[in-house]
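A.B. asks: Dropping the structure in here first, questions after.
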Amino acid sequence: MTLAIITPLNSGIREIVLESLKMKFVIYNKLTVAIFCNFQIHNKKDMLIDLRSDTVTKPTKEMHAAMMNAEVGDDVFGEDPSVKKLEEKCASLLGMEAAVFCPSGTMTNQIGIKVLTQPYDEVICYKGSHIYKYEGGGMAGNCLVSARLIEGDRGRLSVKDVEESINNYNDPHQPRTSVVALENTVVREGGSYYTLDQIKEVSEFSRSKGLKMHMDGARIFNALTETKEEAKAYGKYFDTISVCLSKGLGAPVGSVLVCKKEFEHQVRRIRKVFGGGMRQAGYLAAAGVYALDHHIKRLGEDHKRAREMESILKKLGWIEKVKPVDSNIVIFVIDNKFTPEQVLQRLSEYNIKALKFGPQEIRMVTHLDFTDDMLEQTNKIFKELSF
């Protein structure tokens, strides 16, 4: 609390409260006013701006309260009401019959692939997809399957891509093609996304060839924010969908694998095998329920801030290219005179964290904790940055 005494005062007002400034003015006499300031002047240079991922967020006060007030039980015995509420909510939201809460999106993806494949099968996916590139070789180790890697249109697969990638089932030299896995949004392509019509075409063709459908929907609600389509329509086109709660939705932990009822028992069994059975997990599930109820509608704010950064970065001479920003992911390629490590070091001097994303690429992701003040400061630093 800061106290300042100002004189004189030519007013008969006895007390003024300015809520927006968190100031309280109290009259002591006709000539003296005390100003109590219940705030600190924020030095923008001291702000930590973490743009490495949308996983860095912390629970809001309201989310934390929901977690602390959660009704819990032992989820391994199927007795946690908060987990059941989350699972039922996710299944209903995406138009499917069942859902299983897991600790991470990597686990939900790996379980999804495992229940849809047999050893020595092959999965068709984008060459930069999370299930292939960022899950520690899990498809090979956990599922004993190979991957047919596709370039796609900024990571989005077409019917033609799938058709050209299906192996001859009767040729014993080739792995059996069994699953098409789509990623929505595409993490390596600036958050590019599928429309429902694109998904419908790929799904209907793939199923006509006897293939199963999995979606890594870690940021599915970012995609839906852009397409304005109904989440419930997705269910009919997939056998399994992985939904992350700890990215743009701002929950601290957890993902949900939404699936057909016929797969639920096997999903729960594999979750146990993978070490994903949690006991009083309702405290975490409650955060997920709160996120689904309150944080989907605000995702557009993250997209808007990402596009503002995109417009600034495009004007900088030391940046060769900025990938199109379709949602909340900003990826830029720097001049080969510099290394990502040099740029990241300079940014860290201004308390800005970003992520090396390739030989000359840097990634930044907007999120719940990235404010307009932080955006203004980030843009200012980038404009002033020199090497």
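Bear in mind that the values in this text are calculations on the coordinates, not laboratory data. Just so you know, these numbers come straight off a predicted model, no measurement behind them. Neighbour counts are summed over all protein chains in view; Cβ atoms, including those assigned to glycine, are modelled from backbone coordinates with ideal geometry.
A.B. asks: What ranking of LEU316, LEU182 emerges when the number of other C-beta atoms within 10 Å of each C-beta is taken as an exposure proxy, fewest first?
C.D. replies: LEU316, LEU182
A.B. asks: Rounded to the nearest 0.05, what FRET efficiency do GLU97 and LEU196 give with R0 = 30 Å and r taken as the Cβ-Cβ distance? Could you check?
C.D. replies: My answer for the efficiency is 0.95.
A.B. asks: Considering only Cα-Cα distances, which of the following residue pairs are longer than 18 Å: LYS85/LYS228; LYS61/LYS232; LYS84/LYS200; LYS228/LYS304; LYS200/LYS236?
C.D. replies: Check vs 18 Å cut-off fails for LYS85/LYS228; LYS61/LYS232; LYS84/LYS200.
A.B. asks: Considering only DSSP states other than H, G, I, E and B, which trypsin sites (Lys or Arg not before Pro) in the range 160-233 qualify as loop sites with at most 10 other Cβ atoms within 10 Å?
C.D. replies: Hits after loop and neighbour filter: LYS228.
A.B. asks: Further, regarding this structure: Looking at the range 148-202, which chymotrypsin sites (Phe, Trp or Tyr not before Pro) are DSSP coil and have at most 16 other C-beta atoms within 10 Å of their C-beta?
C.D. replies: Sites meeting the loop and neighbour criteria: TYR169.
A.B. asks: Can you pick out the pairs among LYS133/LYS247; LYS58/LYS260; LYS58/LYS114; LYS58/LYS380 whose Cα atoms lie more than 29 Å from each other?
C.D. replies: LYS58/LYS260; LYS58/LYS114
A.B. asks: Next question, about the same structure. According to the Cα gyration tensor, what semi-axes, each the square root of 5 times an eigenvalue, does the equivalent ellipsoid of the chain have, listed from largest to smallest in whole Å?
C.D. replies: Values for the chain, descending: 45, 28, 17 Å.
A.B. asks: Separation of the range 198-244 and the range 48-63 by C-alpha centroid, Å?
C.D. replies: Cα centroid to Cα centroid, the span is 27 Å.
A.B. asks: Rounding to the nearest 20 debye, state how big the charge dipole of the range 72-294 is about its Cα centre with +1 on each Lys and Arg Cβ and -1 on each Asp and Glu Cβ.
C.D. replies: The calculation lands at about 280 debye.
A.B. asks: Just to confirm the filter: which trypsin sites (Lys or Arg not before Pro) across the range 281-387 are DSSP coil and have at most 13 other Cβ within 10 angstrom of their Cβ?
C.D. replies: Those that pass, being in a loop and sparsely packed, are LYS297, ARG298, LYS314, LYS315, LYS337.
A.B. asks: Sticking with this structure for a sec: List HIS265, HIS64 from most exposed to least, where exposure is judged by having the fewest other Cβ atoms within 10 Å.
C.D. replies: In increasing order of surrounding Cβ atoms, one gets HIS265, HIS64.
A.B. asks: Can I ask one more? How many nm separate the modelled label positions at TYR169 and LEU344, each set 7 Å beyond the Cα in the direction of the Cβ?
C.D. replies: 4.6 nm
A.B. asks: Over the chain, what is the mean sequence separation of C-alpha contacts under 8 Å (at least six apart), divided by residue count, expressed as relative contact order in percent?
C.D. replies: The value is 21 percent.
A.B. asks: Given the Cα-Cα distance of LYS321 and HIS64 and 0.36 nm per residue of separation, how much length would full extension add, in nm?
C.D. replies: 88.5 nm
A.B. asks: Here is a further query. With charges set only on the Cβ (+1 for Lys and Arg, -1 for Asp and Glu), what does the dipole of the chain come to about its Cα centre, in debye to the nearest 20?
C.D. replies: Roughly 640 debye for the chain.
A.B. asks: Continuing with this model, one more query. How long is the gain from LYS383 to TYR134 if the chain were fully straight, where each residue apart is worth 0.36 nm and the alpha carbon distance is subtracted?
C.D. replies: Stretched fully, the LYS383-TYR134 segment lengthens by 86.4 nm.
A.B. asks: What is the range 222-305 by shape, rounded, prolate or oblate, if you read a ≥ b ≥ c off the alpha carbon gyration tensor as root eigenvalues and call it rounded for a/c under 1.5, prolate for a/b larger than b/c, and oblate otherwise?
C.D. replies: It is oblate, given that a/c is not under 1.5 and a/b is not larger than b/c.
A.B. asks: For GLU229 and GLU151, compute 0.36 nm times the residue count separating them, minus their Cα-Cα distance, and round to one decimal in nm.
C.D. replies: The span from GLU229 to GLU151 would gain 25.5 nm if fully extended.
A.B. asks: A further question on this structure: Checking the a/c ratio against 1.5 first, then a/b against b/c, what shape does the Cα gyration tensor give for the range 70-120?
C.D. replies: Judged from the Cα gyration tensor, the range 70-120 comes out prolate (a/c at least 1.5, a/b above b/c).
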